[in-house]
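Notes follow the structure.
The values are calculated or read from the model by the stated rules, or taken from the named source; none is laboratory data. These numbers come from a predicted model, not from an experiment. In this analysis, Cβ positions are derived from the backbone assuming ideal geometry, glycine residues included, and neighbour counts consider all displayed protein chains. Only protein heavy atoms, including side chains, enter the accessible area calculation; ligands, DNA and RNA are left aside. Shrake-Rupley method; radii C 1.70, N 1.55, O 1.52, S 1.80 Å.
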Amino acid sequence: MVDRPLQWLGQAFGPLALVLVRATLASTRVGTHRRWARHLTLAKNLARPALVAGFGLWWGLAGLPLNVMVVPAALPMGTNVFMFAQRYDVAQELVTASLTVSSVSVLLTLPLVMWGLGKL
């Protein structure tokens, strides 16, 4: 009796977070936070996968195990960052702008990271 409603709430978290992000995107101007959003995006979409690849190579990984570690590190920022910014009322507009820039730029950065993995 209690387990089923809790499962429904747990399943609704992801879509609800996406709806909240989209609602905030509609009222946030990316231009005012463009510089820092670009820096955060470069760190998340390129520097983080490079660090993960470096550590993976240092540990002797190659092939599929290395790819499984690096490709998710190259994905755009997730809604968890947005949820924490909303919850603690900290840097909400910057986080929203960074989510936007990160999500758009992944169209270029993810193929670049995957190409780099193919060269290893």
_Can you classify the stretch 61-109 as rounded, prolate or oblate using the Cα gyration tensor, where a ≥ b ≥ c are the square roots of its eigenvalues, rounded means a/c under 1.5, and otherwise it's prolate if a/b beats b/c and oblate if not?_
oblate
_the stretch 43-83: Rg to Rh, with Rh as the Kirkwood radius over Cα pairs_ = 1.06
_Rolling a 1.4 Å sphere over the protein heavy atoms, what is the accessible area per residue of the chain, to the nearest Å²?_
69
*asked:* Computing the accessible area with a 1.4 Å probe over protein heavy atoms, can you report the carbon and sulfur percentage for the stretch 36-120?
replied: 73
*asked:* For Cα pairs less than 8 Å apart in space and 6+ apart in sequence, what is the mean separation divided by the residue count of the chain, i.e. the relative contact order in percent?
replied: 35
*What is the helix-to-structure angle for 92-119, meaning the angle in degrees between its Cα long axis and the longest Cα principal axis of the chain, kept from 0 to 90 and rounded to the nearest 10?*
30
*Could I have the simple spin-label model distance between residue 103 and residue 59, label points 7 Å from Cα toward Cβ, reported in nm to one decimal?*
3.1
*Alpha carbon convex hull of the chain, volume per residue in cubic angstrom*: 141
*Quick one: helix 79-88 against the long Cα principal axis of the chain, what's the angle to the nearest 10°, folded into 0 to 90?*
50
*asked:* Compute the helix-to-body angle for 48-58: its Cα long axis versus the longest principal axis of the chain, expressed 0 to 90° and rounded to tens.
replied: 40
